1. If we keep just the residues of region 160-187 that are exposed (fewer than 15 other Cβ atoms within 10 Å of the Cβ) and among the charged types (D, E, K, R), which is farthest from the chain's Cα centre (by Cα)?
2. For region 148-165, enumerate the residues that are more than 14 Å from GLY78 (Cβ to Cβ) and not charged (D, E, K, R).
3. From the list VAL132, VAL152, pick out the single residue that is at pLDDT 95 or above and in a helix (DSSP H, G or I).
4. Could you tell me whether region 102-115 includes any residue that is buried (at least 20 other Cβ atoms within 10 Å of the Cβ), modelled with pLDDT of 85 or more and closer than 22 Å to GLY28 by Cβ?
5. Could you run through region 30-84 and say how many residues are over 22 Å from LEU175 (Cβ atoms) and either surrounded by fewer than 21 Cβ atoms within 10 Å (Cβ to Cβ) or modelled with pLDDT of 85 or more (or both)?
6. Looking at the structure I just gave you, is TYR144 touching a Cys at 6+ places or on another chain (Cβ under 9 Å), modelled with pLDDT of 85 or more and either assigned to a loop (DSSP other than H, G, I, E, B) or closer than 20 Å to TYR74 by Cα (or both)?
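The values are calculated or read from the model by the stated rules, or taken from the named source; none is laboratory data. Quick caveat: nothing in here was measured; it's all calculated off a predicted structure. Reconstructed Cβ throughout: ideal geometry from the backbone, glycine too, with neighbour counts over all protein chains shown.
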Amino acid sequence: MERTTTRRTSSKGAAAAPAPKVVAVLAGLLERAAARGDADADARAGSAAAAAARAFRGRTRPEISVRRYAERIYRYAGCSPACFVVARVYLDRLAGRSPEEESSPSPSPPATAAAAVCVDSYSVHRLLITSVMVAAKFMDDIHYNNAYFARVGGVEVAEMNGLELELLFALRFRLNVTPATFATYCAALEGEMAADDGPLPSPSPSPEEEGNDRRQPPPRRKDGITNKVAAAVDRSALLTAAHHRVVVVEITQ
């Protein structure tokens with residue numbers, strides 16, 4: 001039986017804690033990949049790539065944005081931020097990237113994933129929740145079970161179980177991520193985080209979210225200079241987490 005104790009002490013505390021920047025960065029990359037997938041959907045109809053992603057496609061587009069969905073997963077699933085880095089690795093592997101390519105990811109690897117597995121607005125949410133859940137099971141010593149992840153992700157338990165199997169077989173059960181690969185992906189994410197002085201552009205909110213978003217100014221140091229990496233993942237802490245497979249990973253906000 002899986003342990004279902006989370007390291008967070010209360011849902012109230014979890015709701016008050018903002019999601020780390022790595023969550024927003026990954027969500028932003030996936031949103032752009034989904035937009036490209038929507039634009040190319042007709043050209044890829046009936047292809048092997050479309051068939052590979054069929055299990056992850058929903059009948060309708062979810063109303064919740066990818067950003068809000070990723071934040072919801074982080075808030076309620078109790079997984080460490082390192083799981084989102086590993087989820088990105090899994091999405092690259094799902095795209096069929098070779099080990100050599102994996103060790104040197106492009107600045108926007110989810111774009112490749114979009115071309116290979118037809119990530120679009122119908123499949124991106126299921127790909128995200130499934131990859132994070134599998135990463136949590138592999139990375140974190142304590143994690144929730146499939147039934148709880150299904151509640152967080154808004155899918156049926158049977159579907160969550162099926163999505164997990166689809167992902168595992170598509171990955172050929174290659175779940176291990178070496179410290180070197182993890183370090184490379186952390187560096188790529190840091191590059192995405194530091195690419196712009198300002199905050200990430202806000203995604204299109206769902207109807208109930210509209211009007212609630214307020215863009216925050218970028219963090220500044222005491223000398224008044226914009227700190228590009230003030231909200232980035234503490235790379236050394238993440239590397240330690242990957243090496244020792246611990247639960248707590250420090251985040252530089």
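1. ARG172
2. Answer for region 148-165, where residues must be more than 14 Å from GLY78 (Cβ to Cβ) and not charged (D, E, K, R): ALA150, GLY154, VAL155, VAL157, ALA158, MET160, ASN161, GLY162, LEU163, LEU165.
3. Within the list VAL132, VAL152, the selection yields VAL132.
4. The answer is no, given that none of the residues of region 102-115 is buried (at least 20 other Cβ atoms within 10 Å of the Cβ), modelled with pLDDT of 85 or more and closer than 22 Å to GLY28 by Cβ.
5. Looking only at that region, the number is 37.
6. yes
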